[in-house]
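Report on the structure given below.
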Amino acid sequence: MIVMDIESSGLDSGRCGIWQIGAVELENPNNTFIQEARIDDKDEVTQEALIITEKTEQELRDKNKQSQKQLIENFLNWCKKCRERIIAGQNVGWDISFIQNKCIRYGIHDKFHDLLGVRIIDLHTIANLKYKEKNGVFRLKDEKTGKSDMSLPNVMKFCGLKDNRRVVENGKLIKEGEAHNALTDAKLTAECLRRLLK
């Protein structure tokens, strides 16, 4: 299983870019992938993305870095060497849809589909099912909305892990900590998966 995460210039996969992909092979934790790219000229950058990653827009648009297309192709080539090409992650459907949108834009969607397809395992789902098994209810933000509150920090807490990463809400830093990094987040997700699946 490949546990992956991306860092992007914002949350909208149609308007923002991917600048970092990180991944770890769950069964072989020494096999990791981490690379960065420059976002495209037309990609938007949000303030929240800059705060959470401690990057500047200039760093995300650095012409000395490889293109997003090359980053994605390198990631797909790395995945090709993994025994199980099932993708896992926290809210991983979002990460995969971001990569898929870029693959369509760059004309490499067939390569994506041939290597990975759409077989995914979502940490969020597993964690909330285990939470309900233990507590009798899903972890929700509130009863009115019924929306899940199983964010990665909450999954980590549920799994007995400390979250040292910074937290940003509505474009404002609300908790100091380490800047988000795709490989670090992929490794944290992998550890949560290990603990929940045991």
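Quick look at the numbers
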{"quantity": "Subset of region 137-156 that is under 17 Å from residue 193 (Cα atoms) and out of contact with any His (no Cβ under 6 Å at 6 or more places or on another chain) - its residue that is surrounded by the most Cβ atoms within 10 Å (Cβ to Cβ)", "calculated": "155"}
{"quantity": "Qualifying positions in region 169-185 - within 21 Å of residue 26 (Cβ to Cβ) and among the small types (Gly, Ala, Ser)", "calculated": "182"}
{"quantity": "Some residue of region 76-98 being touching a strand residue (DSSP E or B) at 6+ places or on another chain (Cβ under 9 Å), closer than 23 Å to residue 196 by Cβ, basic (Lys, Arg) and touching a residue at least 60 places away in the same chain (Cβ under 8 Å)", "calculated": "yes"}
{"quantity": "Some residue of region 162-181 being over 19 Å from residue 21 (Cβ atoms), touching an Asp or Glu at 6+ places or on another chain (Cβ under 7 Å) and of a type in the set (D, E, K, R)", "calculated": "yes"}
{"quantity": "Residue match in region 68-77 (condition: out of contact with any helix residue (DSSP H, G or I) (no Cβ under 8 Å at 6 or more places or on another chain) and either in a loop (DSSP other than H, G, I, E, B) or at pLDDT below 95 (or both))", "calculated": "no"}
{"quantity": "Any hit, region 51-63, residues being of a type in the set (A, V, I, L, M, F, W, C), touching a residue at least 40 places away in the same chain (Cβ under 8 Å) and out of contact with any Gly (no Cβ under 9 Å at 6 or more places or on another chain)", "calculated": "yes"}
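For every residue, the table says whether it meets (1) in a helix (DSSP H, G or I); (2) at pLDDT below 95; (3) closer than 20 Å to residue 185 by Cβ.
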position	(1), (2), (3)
83	no, yes, no
88	no, no, yes
112	yes, yes, no
117	no, yes, no
124	yes, no, yes
129	yes, no, no
133	yes, no, no
142	no, yes, no
157	yes, no, yes
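The values are calculated or read from the model by the stated rules, or taken from the named source; none is laboratory data. The shown structure was predicted, so the numbers you read here are calculated from the model rather than taken from an experiment. Neighbour counts are summed over all protein chains in view; Cβ atoms, including those assigned to glycine, are modelled from backbone coordinates with ideal geometry.
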